[in-house]
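Notes to accompany the following structure.
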Amino acid sequence: MKWTELVIPGLFIWLIQLLIADFLAIETIRPDFVAILVLYWAVKYGRTVGTLSGFLMGLLIDLSGTASFFGLSSMIYSITGYLGGYLMGTYSRLNPLYFSISWIAILALQFMIFCVVQYQDIWVTNPQLFFGKWIGTTLYTLSFVGILQVIYPFHKIT
């Protein structure tokens, strides 16, 4: 693995997240392209690279000023990278349905943690709005993952 395989796509996706994600926002719901990249890296390279790249990408997002809570992005991307690393090489051993449910659950958990911290005041006052934001953020990002699955599926990552 060359360092350019991680640095160049990482910087490119970081720029897309900074410049295009706000343009694609529906009210406060935005797609999370960095989470998709970290999940792809974790499935391709394993838990260690997934966790470290998730932490570094999260730190880059936090330092760029787009995050509200410093350290939240590093934590959730590290969790995504760690859990996604368990999927490395398991497509042939798992039922394809279980494999798909696994990465969907990893992204849903990431967005649940994000929403619990980001929208903690809404969780107390209006649980329906909170769950709407969580489901909306998850489905919006999953729609981009679905499009990407047509082009470059997880099970073809080597």
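Select from the stretch 6-17 the residues that are over 15 Å from the mean Cα position of the chain (by Cα) and surrounded by 13 or more Cβ atoms within 10 Å (Cβ to Cβ) and list them in ascending order. Once the filter is applied, which keeps residues that are over 15 Å from the mean Cα position of the chain (by Cα) and surrounded by 13 or more Cβ atoms within 10 Å (Cβ to Cβ), the stretch 6-17 yields only L6.
Restricted to the stretch 107-129, and to residues there that are within 19 Å of the chain's Cα centre (by Cα) and among the polar types (S, T, N, Q), the residue that is surrounded by the fewest Cβ atoms within 10 Å (Cβ to Cβ) is Q118. Cβ-Cβ distances below 7 Å connect the following pairs, each with a first residue in the stretch 48-59 that is over 15 Å from L87 (Cβ atoms), a second residue that is part of a helix (DSSP H, G or I) and of a type in the set (S, T, N, Q), and a separation of six or more residues or different chains: F55/S74; F55/S78; G58/S73; G58/S74; G58/S78; L59/S74. The number of residues in the stretch 61-85 being over 18 Å from T28 (Cβ atoms) and either among the basic types (K, R) or surrounded by fewer than 16 Cβ atoms within 10 Å (Cβ to Cβ) (or both) comes to 4. Would you confirm whether any residue within the stretch 94-106 is over 16 Å from Q149 (Cβ atoms), surrounded by 21 or more Cβ atoms within 10 Å (Cβ to Cβ) and in contact with a Ser or Thr (Cβ under 7 Å, 6 or more places away or on another chain)? For the stretch 94-106, residues over 16 Å from Q149 (Cβ atoms), surrounded by 21 or more Cβ atoms within 10 Å (Cβ to Cβ) and in contact with a Ser or Thr (Cβ under 7 Å, 6 or more places away or on another chain): absent.
In the set (1) surrounded by 18 or more Cβ atoms within 10 Å (Cβ to Cβ); (2) assigned to a helix (DSSP H, G or I); (3) touching a residue at least 24 places away in the same chain (Cβ under 8 Å), P31 fails one condition alone, (2). Taking the stretch 70-158 and the helices (runs of 4 or more DSSP H) fully enclosed by it, the elements with 1 or more residues that are free of Cβ contacts under 8 Å to residues at least 24 places away in the same chain and over 22 Å from L59 (Cβ atoms) are at 96-118, 120-125, 127-151.
Read the figures in this text as sums done on the coordinates, not as results from a lab. Values in this document were obtained by computation on a predicted structure and should not be read as measured data. Cβ atoms come from the backbone with ideal geometry, glycine included; neighbour counts cover every protein chain shown.
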